[in-house]
Structure formats: C-alpha cells, structure tokens
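Please read the structure below before turning to the comments.
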C-alpha cells in the first residue's frame with residue numbers, strides 16, 4: 001500500500017512540475033490517470049481495512065475464548081486444592097474416629113456418663129465424616145464438569161483457529177484470482193488502456209471502465225468501431241474464464257436527457273440502453289453464457305466526480321464492466337460456521 005502511495009505521489013508531483021509545458025489535452029489525461037490511481041489507492045486501503053477488521057474480529061473472539069479457558073483452568077486448580085484439603089481433613093477425622101473407638105472400648109466398662117459423652121462425640125464425628133465425604137463427592141463431580149467445560153472450550157478454540165486459517169487461505173486465493181484476471185484483461189486491452197479505458201481492482205473485483213468517447217457519441221447508444229473492437233477483445237478473455245460473473249453498468253452525467261425521437265425518456269433509459277448494447281456486443285459471435293451477464297443502468301446517481309464542471313461530467317459519462325470471480329467457496333465456509 002505504501003509503495004502505491006509513493007508512486008502516486010511522485011506521479012502527481014511530476015504532473016504538477018510539468019503543467020506549464022504540457023498541452024491542455026494531455027494535462028487532462030494525466031489528471032484523469034492521477035485521479036484513477038488515487039481511486040485505486042483508496043480501494044486498496046478499503047480492502048485492507050476490511051481484511052484488518054475481519055482479522056481483528058477473529059482475534060477478539062480468540063482472545064475471549066482464551067480468557068474463558070484460563071478462568072476455567074483457575075477454577076479447576078481451586079477445586080483440586082479444595083479436594084486435597086478435604087482429603088486431609090478426612091484423614092484427620094478418620095484418625096480421631098479411630099481414637100474415639102479405642103477410647104470407647106476401654107471405657108465401656110467405666111463411668112456411664114463418660115461413656116455417653118464419648119458416644120455423643122463419636123456420633124458427631126461420624127456425622128462430620130459423612131458431611132466431608134459428601135463435600136468431597138461434590139468437589140469431584142464439580143471437577144469432572146470443569147474438565148468437560150475445559151475440553152469443550154479447547155475444542156471450540158481449535159475449530160475457530162482452523163476456520164481463521166481456512167478463511168485466510170480462501171481470501172488469498174480469491175485475491176490471486178482477481179489479480180490474475182486483472183492482468184489478463186490488461187494484456188488483452190493493452191492498446192486501449194489510458195486511451196478512454198482503465199482496468200482497476202476493488203474489493204476483490206475487476207473494474208473495466210470505458211469513457212463515453214470510446215463507445216458512444218453524445219446522447220447515443222450506438223457503439224463505434226473502436227469501442228466494438230475493445231469489447232471483442234474483452235469478450236475473448238471472458239470466454240476463457242467461464243467462472244467470472246459480468247455486470248455491465250451504464251452511467252450518465254447530471255444533464256437531463258432530451259430526445260426528439262421519444263424512444264428514451266431520461267438518463268435512466270439512456271444508461272440502461274447503453275448497458276444492454278454492450279451486452280449484445282459481448283455476446284455477438286462469442287461462446288459466453290448469457291446467464292453470466294447482467295445489464296444495469298445507474299443513471300447519474302453514482303458519479304466518480306461530484307463536481308459540476310465539464311471535466312467532471314465527462315468523467316461521469318462512462319460504462320463500467322464489473323468482473324466478479326466465483327465466491328461460492330468463501331460463502332460456503334461462512335455459512336458453515
């Protein structure tokens with residue numbers, strides 16, 4: 001992440017220094033590229049924060065389990081100490097009981113009142129002995145329960161550790177798939193990148209963004225030859241990667257759409273019409289399963305630049321093709337737990 005930030009900062013400084021000697025068109029292109037790089041940096045930050053939050057959540061749960069396990073261990077040690085003390089008292093009482101029995105036998109023929117006193121002491125000792133034996137049995141039962149709880153906590157701790165490791169493994173694999181897909185798309189569209197087309201990766205998805213000038217004329221949904229050529233190259237990549245889901249999003253600026261033909265009513269219609277046109281070009285002559293494609297119109301409500309300038313409106317007039325790798329395995333693991 002720091003590496004990307006340093007590269008972007010260096011690029012912005014270079015553009016700023018060279019501003020006075022660069023023609024206006026190239027300067028806007030450099031501005032757009034700098035903006036796109038900063039967007040990609042922010043996306044990487046967002047993805048990193050999401051992963052950190054997931055990792056912190058799992059670490060917090062792990063710490064809680066470890067804390068509970070430590071408490072159970074302390075209770076177990078206390079119960080064992082209590083049991084040892086009870087056994088010592090039992091031994092003392094048993095010795096006293098034996099002494100009283102001997103004294104009883106010696107005095108049985110003596111004073112009756114003394115004999116009754118000894119019998120009372122003997123009975124009290126027997127009762128106390130039974131009480132201690134009951135306490136000892138309860139402590140042993142409690143000790144067994146604590147051991148069972150400790151075993152269950154250890155098992156749950158192992159399960160959560162295994163889940164964390166599996167989640168990290170799947171997330172790494174999904175990230176690698178997305179990075180590999182981005183590389184393939186960039187290679188296929190090499191001649192178009194930075195000429196009205198950008199390829200970025202955000203939140204585990206690959207975004208192919210095409211400026212209006214690459215595909216459509218103003219207020220039109222007919223794709224010119226250059227844009228059709230770019231889409232055909234992208235279709236080739238999608239044919240070879242059959243597990244990728246594709247969403248085509250049409251975006252407009254905030255200038256109300258007006259047409260004398262009456263075919264379209266507003267920017268909603270225009271954005272949807274452009275998205276469906278792109279879908280048809282991708283499917284035309286290809287082996288792409290239509291079930292993988294989704295066309296949607298976002299109208300003017302998801303701008304990349306909220307400014308009300310000509311440059312901002314030009315940036316917002318775009319078509320984005322969102323490529324989503326198969327996340328079935330990740331969802332399966334999340335549902336499992």
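The values are calculated or read from the model by the stated rules, or taken from the named source; none is laboratory data. No experiment lies behind these values; they were computed from the predicted model shown. Every residue, glycine among them, receives a Cβ derived from its backbone with ideal geometry; neighbour counts consider all protein chains shown.
Is one or more of the residues making up segment 16-23 modelled with pLDDT of 70 or more and either assigned to a helix (DSSP H, G or I) or touching a strand residue (DSSP E or B) at 6+ places or on another chain (Cβ under 8 Å) (or both)?
The answer is no; no qualifying residue exists.
Within segment 271-282, how many residues turn out to be closer than 15 Å to residue 239 by Cβ and touching a residue at least 40 places away in the same chain (Cβ under 8 Å)? Outline the logic, then answer.
At the first step, the residues of segment 271-282 found to be closer than 15 Å to residue 239 by Cβ are 279, 281-282.
Checking the rest, the ones that are also touching a residue at least 40 places away in the same chain (Cβ under 8 Å) come to 281-282.
Adding up the residues that qualify gives 2.
Can you pull out every residue in segment 211-233 that is in a strand (DSSP E or B) and either free of Cβ contacts under 8 Å to residues at least 40 places away in the same chain or under 25 Å from residue 174 (Cβ atoms) (or both)?
Answer for segment 211-233, where residues must be in a strand (DSSP E or B) and either free of Cβ contacts under 8 Å to residues at least 40 places away in the same chain or under 25 Å from residue 174 (Cβ atoms) (or both): there is none.
Within segment 269-297, how many residues are within 17 Å of residue 230 (Cα to Cα) and in a helix (DSSP H, G or I)?
10
Tell me, please, whether a residue that is within 20 Å of residue 195 (Cβ to Cβ), at pLDDT below 95 and either within 32 Å of the chain's Cα centre (by Cα) or surrounded by fewer than 20 Cβ atoms within 10 Å (Cβ to Cβ) (or both) can be found in segment 236-243.
Our first condition is that a residue be within 20 Å of residue 195 (Cβ to Cβ); within segment 236-243, this holds for 236-237.
Adding the requirement that they be at pLDDT below 95 leaves 236-237.
With the extra rule that they be either within 32 Å of the chain's Cα centre (by Cα) or surrounded by fewer than 20 Cβ atoms within 10 Å (Cβ to Cβ) (or both), the set shrinks to 236-237.
Yes, that holds for at least one residue.
Starting from residues that are buried (at least 18 other Cβ atoms within 10 Å of the Cβ) and not in a strand (DSSP E or B), keep the ones in segment 298-325 and report whichever is modelled with the lowest pLDDT.
Once the filter is applied, the top-ranked residue is 325.
Going through 137, 163, 130, 159 one at a time, which residue ends up being within 30 Å of residue 59 (Cβ to Cβ) and at pLDDT 80 or above?
From the options 137, 163, 130, 159, the qualifying one is 159.
Checking residue 204 against (1) on the phi < 0 side of the Ramachandran plot; (2) surrounded by 14 or more Cβ atoms within 10 Å (Cβ to Cβ), only one condition comes out false. Which one?
Checking residue 204 against (1) on the phi < 0 side of the Ramachandran plot; (2) surrounded by 14 or more Cβ atoms within 10 Å (Cβ to Cβ), the one that fails is (1).
From the list 89, 156, exactly one residue is over 50 Å from the mean Cα position of the chain (by Cα) and either part of a helix (DSSP H, G or I) or outside the structural domain of residue 245 (by TED's automatic domain parsing) (or both). Which is it?
Unique residue meeting the criteria: 89.
Looking at this structure, is residue 106 more than 30 Å from residue 79 (Cα to Cα), in contact with a strand residue (DSSP E or B) (Cβ under 8 Å, 6 or more places away or on another chain) and either surrounded by fewer than 13 Cβ atoms within 10 Å (Cβ to Cβ) or without any contact (Cβ under 8 Å) to a residue 60 or more places away in the chain (or both)?
No.
Among 132, 169, 182, which is touching a strand residue (DSSP E or B) at 6+ places or on another chain (Cβ under 7 Å), outside the structural domain of residue 314 (by TED's automatic domain parsing), without any contact (Cβ under 8 Å) to a residue 60 or more places away in the chain and farther than 26 Å from residue 68 by Cα?
One residue alone meets the criteria, 182.
Quick check on my filter: what residues within segment 192-222 are under 16 Å from residue 252 (Cβ atoms) and in contact with a strand residue (DSSP E or B) (Cβ under 8 Å, 6 or more places away or on another chain)?
Selection gives 209, 210, 211, 212, 214, 215, 216, 222.
Could we say that residue 86 is more than 21 Å from residue 125 (Cβ to Cβ) and either touching a residue at least 24 places away in the same chain (Cβ under 8 Å) or exposed (fewer than 11 other Cβ atoms within 10 Å of the Cβ) (or both) here?
Answer is no for this residue.
Residue check: is residue 80 free of Cβ contacts under 8 Å to residues at least 12 places away in the same chain and either part of a helix (DSSP H, G or I) or outside the structural domain of residue 153 (by TED's automatic domain parsing) (or both)?
Considered against the rule, which asks whether it is free of Cβ contacts under 8 Å to residues at least 12 places away in the same chain and either part of a helix (DSSP H, G or I) or outside the structural domain of residue 153 (by TED's automatic domain parsing) (or both), residue 80 comes out as no.
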